[in-house]
Amino acid sequence: MEHSPEETRRAPLLSEAPPSPMHDAEEMEEIECGKVEAVCRCCGACQGGPQHDVAAANKCVTRLLAWIAMNLLVYAGQRAMVAAGLPSDGIDPTGRRATFILESVQMLILHACGTAIFAHVLAPERRLLTRWTANAGFFVVASVTGCVFSLLSDLTPLETSLSSRGGEGAAYIAVSCAVAFFVLLGLWFHVWYARRSSTKLGIVPYLAPRLAVVVGYVAYIIILDVNNDAWELHHYLIAWIGTLFCAFDHPASVVCLAITTGIFVQGLAAYGPAEISDRRAEYVDWSPNGPG
């Protein structure tokens with residue numbers, strides 16, 4: 001039976017069947033992705049949803065690398081101070097122990113990444129890492145803070161970190177109370193700013209993840225203490241926890257971030273990576289005259 005040319009034109013061909021959703025997704029062009037246009041190449045997984053902004057993600061990675069580089073620059077300056085004898089009990093002032101330096105840099109990078117997340121360093125609206133004046137100011141404050149803390153650490157009342165052995169002298173208690181006052185003052189400001197600022201972050205979303213980190217450290221110490229194991233929370237780990245709370249672009253918050261970062265990097269440059277548990281002291285000699 002023969003079909004007329006007109007009927008043949010009306011009959012749909014198999015090759016003209018509607019493309020599958022998978023095919024549609026692969027060929028999708030210029031879909032909305034926040035405030036930019038992107039080309040969907042996700043093999044049908046998106047199905048028209050908001051797409052990943054590769055350019056914005058790459059800028060985030062670039063900011064992270066810049067933040068790590070900033071920390072490494074401060075670390076290099078603090079190592080120079082150790083070589084100059086500040087603090088007097090700094091480890092490996094000659095820089096002969098490659099393992100010590102590499103372990104310190106590894107810990108620095110890992111903790112810098114944690115700070116970048118909690119302190120919102122990667123947020124594009126932050127002036128830090130965006131304006132050279134902000135970068136220079138941050139570097140100067142962090143470096144000077146590290147140097148000042150090295151000077152103060154040579155004083156007897158500041159030689160002991162928080163530990164199971166503790167410090168019971170009047171001077172140690174007075175210094176600890178002063179430090180606690182400034183810590184609480186900084187925490188009060190950030191909580192107030194989280195509630196009142198235009199960011200509208202809110203107190204609970206601001207405090208919850210950061211207090212979770214604090215609770216983790218406290219639980220770690222309690223477990224060691226219950227098992228009669230010695231523990232020591234070094235001053236630079238306490239300072240690193242402080243960096244997690246400096247999450248705003250307010251000048252006071254940025255200064256707090258620079259101060260806490262400077263103390264953290266100073267301790268890491270002078271004394272290297274240290275565990276909370278004191279078991280490590282049983283088989284590692286951290287003294288300046290230890291194994292070279």
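Figures for the structure shown
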item	result
Test: residue in segment 101-114 that is at pLDDT 90 or above, in contact with an Asp or Glu (Cβ under 9 Å, 6 or more places away or on another chain) and hydrophobic (A, V, I, L, M, F, W, C)	yes
Criterion (free of Cβ contacts under 8 Å to residues at least 40 places away in the same chain and under 25 Å from residue 57 (Cα atoms)) met by exactly one of 126, 131	131
Filter pass, residue 209 being surrounded by 11 or more Cβ atoms within 10 Å (Cβ to Cβ), of a type outside the set (Phe, Trp, Tyr) and at negative phi	yes
Single match in 258, 247 (criterion: modelled with pLDDT of 90 or more, within 18 Å of residue 128 (Cα to Cα), open to solvent by less than 40 Å² (accessible area, probe 1.4 Å) and part of a loop (DSSP other than H, G, I, E, B))	247
Test: residue in segment 57-80 that is in contact with a Gly (Cβ under 6 Å, 6 or more places away or on another chain) and at pLDDT 95 or above	yes
Number of positions in segment 217-230 that are open to solvent by 40 Å² or more (accessible area, probe 1.4 Å) and within 26 Å of the chain's Cα centre (by Cα)	6
Selection count, segment 81-122, where residues are buried (at least 16 other Cβ atoms within 10 Å of the Cβ), of a type outside the set (D, E, K, R) and in a loop (DSSP other than H, G, I, E, B)	9
Residue 202, sole failed condition from (1) within 24 Å of residue 259 (Cα to Cα); (2) open to solvent by less than 50 Å² (accessible area, probe 1.4 Å); (3) within 22 Å of the chain's Cα centre (by Cα); (4) of a type outside the set (S, T, N, Q)	(1)
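Residue-by-condition table, conditions (1) at pLDDT 90 or above; (2) open to solvent by 50 Å² or more (accessible area, probe 1.4 Å):
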position: 167; (1), (2): no, no
position: 170; (1), (2): no, yes
position: 182; (1), (2): yes, yes
position: 196; (1), (2): no, yes
position: 242; (1), (2): yes, no
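The values are calculated or read from the model by the stated rules, or taken from the named source; none is laboratory data. Keep in mind that what you see is a predicted model, and the values were worked out from it rather than measured. Positions of Cβ are generated from backbone atoms using ideal geometry, with glycine treated the same way; all protein chains shown enter the neighbour counts. Side chains included, ligands, DNA and RNA excluded: accessible areas come from the protein's heavy atoms. Shrake-Rupley method; radii C 1.70, N 1.55, O 1.52, S 1.80 Å.
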